[in-house]
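Where a number appears in this text, it was derived from the coordinates with a stated rule and is not lab data. Computed from a prediction, not measured in an experiment: that's the story for all the values here. Here the Cβ is made from the backbone with ideal geometry for all residues, glycine too, and neighbour counts use every protein chain on show.
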Amino acid sequence: MARTPSVMVPLGFKAPEFELLDVVSNSILKSKTLFGAKATMIMFICNHCPFVKYVNKQIVEIANVYDKLGIKFIAISSNDVENYPEDSPERMKKVALEEKYPFPYLYDESQKVARNYDAACTPDFFVFDKNKELVYRGQLDDSRPGNDIPLNGKDIREVFESIINSRSITINQKPSIGCNIKWKN
């Protein structure tokens with residue numbers, strides 16, 4: 001199991017716009033209509049990565065809580081589906097429905113969006129404020145498959161609570177760890 005860390009993109013980085021296929025609705029969605037009133041978390045995930053499988057239920061739980069509070073969630077898969085067919089749009093749709101994703105699951109076929117965001121691993125989390133400026137990037141929490149630390153989304157929850165309560169984000173931002181994005185040759 002690869003252990004690739006996030007690239008710690010500079011805070012203040014402006015979210016690049018994109019238009020991608022939502023695998024559930026089979027329609028093209030535009031980022032400018034998906035961002036939340038208070039904040040938005042963009043997650044680079046995929047189907048086959050054990051790190052993503054490990055956090056799936058937690059990200060669904062967090063999204064179900066914070067979506068009602070003005071924070072939106074967008075999941076993107078950018079993996080090469082020719083070499084990783086488990087990450088195909090058809091299988092993405094199946095996973096989205098099985099896991100009951102309350103957020104769009106978008107397919108980045110060209111991998112341009114992952115490159116524009118400097119995404120490196122799955123899962124990779126980016127939180128943008130209402131001005132679409134990066135305020136957090138990195139891990140969900142300290143838990144990883146097999147490390148016996150409880151999975152609770154502590155880091156992301158602390159960021160969201162700071163945003164909702166108009167407090168500065170003071171958490172030590174640590175890289176996420178996961179499978180590397182499967183780039184096309």
Of the conditions (1) assigned to a loop (DSSP other than H, G, I, E, B); (2) over 22 Å from A37 (Cα atoms), the single one that S168 does not satisfy is (2)
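Suppose we filter L97, L20 for residues that are of a type outside the set (V, I, T) and either in contact with a Phe, Trp or Tyr (Cβ under 8 Å, 6 or more places away or on another chain) or in a strand (DSSP E or B) (or both); which single one remains?
Only one candidate passes the filter, namely L20.
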Worksheet item: Do we have T40 as over 24 Å from N64 (Cβ atoms), surrounded by 11 or more Cβ atoms within 10 Å (Cβ to Cβ) and polar (S, T, N, Q) here?
Response: no
Can R115 be described as closer than 23 Å to E17 by Cα, charged (D, E, K, R) and surrounded by fewer than 22 Cβ atoms within 10 Å (Cβ to Cβ)?
-> yes
When restricted to I71, I76, the only residue of a type in the set (V, I, T), touching a Leu at 6+ places or on another chain (Cβ under 8 Å) and touching a residue at least 24 places away in the same chain (Cβ under 8 Å) is I76
Filtering the range 45-60 down to residues that are touching a residue at least 60 places away in the same chain (Cβ under 8 Å) and touching a Pro at 6+ places or on another chain (Cβ under 7 Å) yields I45, P50, F51, V52, Y54, V55
Residue count, the range 41-63, condition of a type outside the set (A, V, I, L, M, F, W, C), out of contact with any helix residue (DSSP H, G or I) (no Cβ under 7 Å at 6 or more places or on another chain) and either part of a loop (DSSP other than H, G, I, E, B) or over 19 Å from V81 (Cβ atoms) (or both), comes to 4
Among residues of the range 118-133 being in a strand (DSSP E or B) and not polar (S, T, N, Q), the residue surrounded by the fewest Cβ atoms within 10 Å (Cβ to Cβ) is E133
*Selection status of F73, of a type outside the set (S, T, N, Q), in contact with an Asp or Glu (Cβ under 7 Å, 6 or more places away or on another chain) and either assigned to a loop (DSSP other than H, G, I, E, B) or buried (at least 22 other Cβ atoms within 10 Å of the Cβ) (or both)*: yes
Result of the Cβ filter at 8 Å on the range 22-44, keeping first residues that are in contact (Cβ under 8 Å) with a residue 24 or more places away in the chain and partners that are assigned to a helix (DSSP H, G or I) and among the β-branched types (V, I, T), at least 6 apart or interchain, is K38/I163; K38/I164; A39/I163; M41/I156; M43/I59
Residue hits (the range 134-170; touching a residue at least 12 places away in the same chain (Cβ under 8 Å), loosely packed, with under 15 Cβ neighbours inside 10 Å and either more than 19 Å from T4 (Cα to Cα) or touching an Asp or Glu at 6+ places or on another chain (Cβ under 9 Å) (or both)) are D142, I164
